[in-house]
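Visitor: I'd like to ask you about the structure that follows.
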Amino acid sequence: MSPTFRGGEILGIRIPTVFVENDATRCAGCGEPIVGTPFRVTLLDIVPGEAAPSWAIGAAINPGPHQFHAVAEHFRSWARRRDYLFCRLSDVREIMRPIAVPGERPRWGLCDGNHRDAHELVPA
Ligand SMILES: [Zn+2]
Ligand SMILES: [Zn+2]
């Protein structure tokens with residue numbers, strides 16, 4: 001008997017090699033199942049003391065955690081669909097801070113808050 005079991009039949013019991021992924025975690029970016037550990041991103045609340053602009057109350061952010069493939073582009077495509085901006089000085093990290101961006105069309109920017117310079121928000 002071969003030492004390597006490759007699926008098929010063993011002692012008359014069928015062993016399927018393909019498992020149905022009923023409860024597979026799906027990537028919020030591309031919608032595909034995530035094999036292994038998903039990359040989780042949580043969006044923080046506005047820091048107390050930092051007044052939320054009035055429009056932000058109607059444009060609440062879903063804090064997550066949102067789950068993605070561990071590829072920054074998948075996070076950014078998710079952010080792009082929601083019309084969020086992304087700080088060029090930021091990396092995609094497990095904790096992201098929303099930044100209220102007022103203007104004619106108020107938007108949210110996302111940043112890891114890991115730099116001292118002013119945010120440089122660009123479309124995600
Ligand atoms: Zn993905
Ligand atoms: Zn920033």
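Visitor: Rounded to two decimals, what is Rg over Rh for segment 24-123 when you use alpha-carbon atoms and the Kirkwood radius?
Guide: With Rh from the inverse mean 1/r over Cα pairs, Rg/Rh is 0.97.
Visitor: For ILE95, enumerate residues with amide H under 5 Å from its amide H, sequence gap 5+ or separate chain, H modeled in the peptide plane.
Guide: Hits under the 5 Å cutoff: THR42.
Visitor: A further question follows. List every residue whose amide H lies under 5 Å from the amide H of GLU120, counting only residues 5 or more places away in sequence or on a different chain, with H placed 1.01 Å from N in the peptide plane.
Guide: Sorted by chain and number, the residues that satisfy this are ARG88, LEU89.
All of the numbers you see were taken from the coordinates with simple rules; none came from a lab. If you're wondering where the values come from, they're calculated on a predicted model, not measured in any experiment.
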